[in-house]
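See below for the structure under consideration.
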Amino acid sequence: MNKLRVGIIGAGKIFAGSHAPAWVSSPHVEIVAICDTHLPNGEEQANKLSVSRVYRDYKDMLEQETLDVVGVSTPNIYHSEVSIAALERGLHVFCEKPDAVSPEEAQKMADAAKRSGKVLMVMRNNRFTPQAKFLKRYIESGAMGEIYTGRTGWIRRRGIPGRGGWFTTKAMSGGGPLIDLGVHMIDVAIWMMGNPRPIAVSGSAYTKFADAKVQISADSRFGTTQEGGIFDVEDLATGFIRFDNGASLQIEFSWASNVEDDLKFMELRGTKAGCSLKNSDLKLITEIEGVLCDLSPRFGGSEIRPHASNIHHFIACVLGEEEPINTPESGVDMIRILKAIYESAESGREVRLDEHQ
């Protein structure tokens, strides 16, 4: 079988560190062209990956190359524009999160995918960790009963990515840690809860560390710092989501705050059992034979990173071997939640999502 011909649009750090190893580890694809508006990025990655054709303008690449798939890893503001352009040319698209910077743009992406009949998938790599895959199976077995509430978040002590660059410029990113990190953990939590429909949110957002100089989190390496650049996004957001089945979810996301340690977490509470996921440490909290028990599943090391598992799943969907684990429509719902939280933080009031249909 001929390999799928892949064109890459956006060759920055997220591509180099996470997407590139995933694409090249698949025997079913071949990267044939790379595009980046900062040509040295494209040339550097092309040299590393033995790709002969490099473009500065993605429109030129789409026009001149014979492609099957486009991988999008640009700044957030361009996700919808680039994805839609590729879909309209009849190409499958894998895009870095977030889906888009507004629900309207996310909906345009979903509509373009439906018209084209091609696969559009946005990165949800946290669904592909060994812990998440096991926990999903455990929940679907009925072992946790009805999941009625939970809390999730991703907090950093000092981990602002690319301060002054596009990450901290709202016009480019759409927001701070809520849209950057929230997409990951809110998605996983709602997925674990059985995808109930969100009906209302309330939230708060703060910007307190725009001038902080100390950066200790490894995640601060993403993006390129620009001294004197823009910082008009939040560095911490908290919130509360209510669902149509009565369930609820507390959320907290920060790039910088005075906490003891960086922590990515999810706690879910069910009628039969609960769970606690702190970074990669999963515990099941339950009762066995009248005794309260905390169980610690043990996972062997996986040679495939979650990013690669997600992209390999996308490739299998393109080949018709698997059904997509997430859809463009679920992406629209995600961005609707994030926008409503920002609106609530600004207005100081709860926002009804059923009024934003």
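Is it true that residue 292 is surrounded by 13 or more Cβ atoms within 10 Å (Cβ to Cβ) and either within 25 Å of the chain's Cα centre (by Cα) or of a type in the set (A, V, I, L, M) (or both)? Write out each step before concluding.
Details: surrounded by 13 or more Cβ atoms within 10 Å (Cβ to Cβ): no; either within 25 Å of the chain's Cα centre (by Cα) or of a type in the set (A, V, I, L, M) (or both): yes.
Judged against the criteria, residue 292 is not a match.
Can you pull out the residues in region 260-284 that are loosely packed, with under 15 Cβ neighbours inside 10 Å, under 23 Å from residue 219 (Cα atoms) and basic (Lys, Arg)? Hit for region 260-284 is 278, nothing else. Quick one: would you say residue 42 is over 21 Å from the mean Cα position of the chain (by Cα) and open to solvent by less than 10 Å² (accessible area, probe 1.4 Å)? It is true that residue 42 is over 21 Å from the mean Cα position of the chain (by Cα) and open to solvent by less than 10 Å² (accessible area, probe 1.4 Å). Out of curiosity, is residue 191 among the aromatic types (Phe, Trp, Tyr) and either buried (at least 24 other Cβ atoms within 10 Å of the Cβ) or at pLDDT below 95 (or both)? Against the criterion (among the aromatic types (Phe, Trp, Tyr) and either buried (at least 24 other Cβ atoms within 10 Å of the Cβ) or at pLDDT below 95 (or both)), residue 191 does not qualify.
Any residue at all in region 231-239 that's in contact (Cβ under 8 Å) with a residue 40 or more places away in the chain, more than 11 Å from residue 155 (Cβ to Cβ) and of a type in the set (A, V, I, L, M, F, W, C)? Yes: one or more hits.
Just one of 134, 128 is within 15 Å of the chain's Cα centre (by Cα) and aromatic (Phe, Trp, Tyr); which is it? Quick ask: steps written out before the conclusion?
Working: 134 fails: within 15 Å of the chain's Cα centre (by Cα).
From the options 134, 128, the qualifying one is 128.
The residues of region 195-211 that are closer than 30 Å to residue 15 by Cβ, of a type outside the set (Ser, Thr, Tyr) and surrounded by 14 or more Cβ atoms within 10 Å (Cβ to Cβ), listed by number, are 205, 209, 210. Residues that are of a type in the set (A, V, I, L, M, F, W, C) and either at pLDDT below 95 or over 19 Å from the mean Cα position of the chain (by Cα) (or both) within region 312-334 comprise 316, 318, 319, listed in sequence order. For region 244-259, how many residues meet the condition of being touching a helix residue (DSSP H, G or I) at 6+ places or on another chain (Cβ under 9 Å) and surrounded by fewer than 17 Cβ atoms within 10 Å (Cβ to Cβ)? Counting residues in region 244-259 that are touching a helix residue (DSSP H, G or I) at 6+ places or on another chain (Cβ under 9 Å) and surrounded by fewer than 17 Cβ atoms within 10 Å (Cβ to Cβ) gives 1.
Can you confirm whether residue 140 is at pLDDT 95 or above, over 21 Å from residue 280 (Cα atoms) and more than 19 Å from the chain's Cα centre (by Cα)? Walk me through how you get there before you give the answer.
Working: at pLDDT 95 or above: yes; over 21 Å from residue 280 (Cα atoms): no; more than 19 Å from the chain's Cα centre (by Cα): yes.
Spelling it out, it is not the case that residue 140 is at pLDDT 95 or above, over 21 Å from residue 280 (Cα atoms) and more than 19 Å from the chain's Cα centre (by Cα).
Tell me whether region 14-23 contains one or more residues that are open to solvent by less than 30 Å² (accessible area, probe 1.4 Å) and in contact with a Gly (Cβ under 7 Å, 6 or more places away or on another chain). Yes: region 14-23 contains one or more residues that are open to solvent by less than 30 Å² (accessible area, probe 1.4 Å) and in contact with a Gly (Cβ under 7 Å, 6 or more places away or on another chain). Looking only at region 192-239, residues that are part of a strand (DSSP E or B) and under 19 Å from residue 263 (Cα atoms) come to 6 in all.
Suppose we filter region 143-160 for residues that are among the hydrophobic types (A, V, I, L, M, F, W, C) and more than 22 Å from the chain's Cα centre (by Cα); how many remain? Walk me through how you get there before you give the answer.
As a first pass, look at region 143-160 and keep what is among the hydrophobic types (A, V, I, L, M, F, W, C): 143-144, 147, 154-155, 160.
Subsequent filtering for residues that are more than 22 Å from the chain's Cα centre (by Cα) retains 143-144, 147.
So the count comes out to 3.
Here the condition is being over 30 Å from residue 11 (Cβ atoms), open to solvent by 20 Å² or more (accessible area, probe 1.4 Å) and in a helix (DSSP H, G or I); of 138, 148, it holds for 138 alone.
Report whether or not residue 308 is of a type in the set (Gly, Ala, Ser), buried (at least 21 other Cβ atoms within 10 Å of the Cβ) and within 19 Å of residue 133 (Cα to Cα). Taking the combined requirement at face value, the residue satisfies it.
Does residue 287 qualify as being open to solvent by 10 Å² or more (accessible area, probe 1.4 Å), within 30 Å of residue 2 (Cβ to Cβ), free of Cβ contacts under 8 Å to residues at least 24 places away in the same chain and not basic (Lys, Arg)?
Details: open to solvent by 10 Å² or more (accessible area, probe 1.4 Å): yes; within 30 Å of residue 2 (Cβ to Cβ): no; free of Cβ contacts under 8 Å to residues at least 24 places away in the same chain: yes; not basic (Lys, Arg): yes.
No; evaluated as a whole, the condition is false for this residue.
The values are calculated or read from the model by the stated rules, or taken from the named source; none is laboratory data. The structure displayed is predicted, hence computed values, not measured ones. Glycine also receives a Cβ, built like all others from the backbone with ideal geometry; neighbour counts cover every protein chain displayed. Just so you know, the surface numbers come from the protein's heavy atoms only, side chains and all, with ligands and any DNA or RNA stripped out. Shrake-Rupley method; radii C 1.70, N 1.55, O 1.52, S 1.80 Å.
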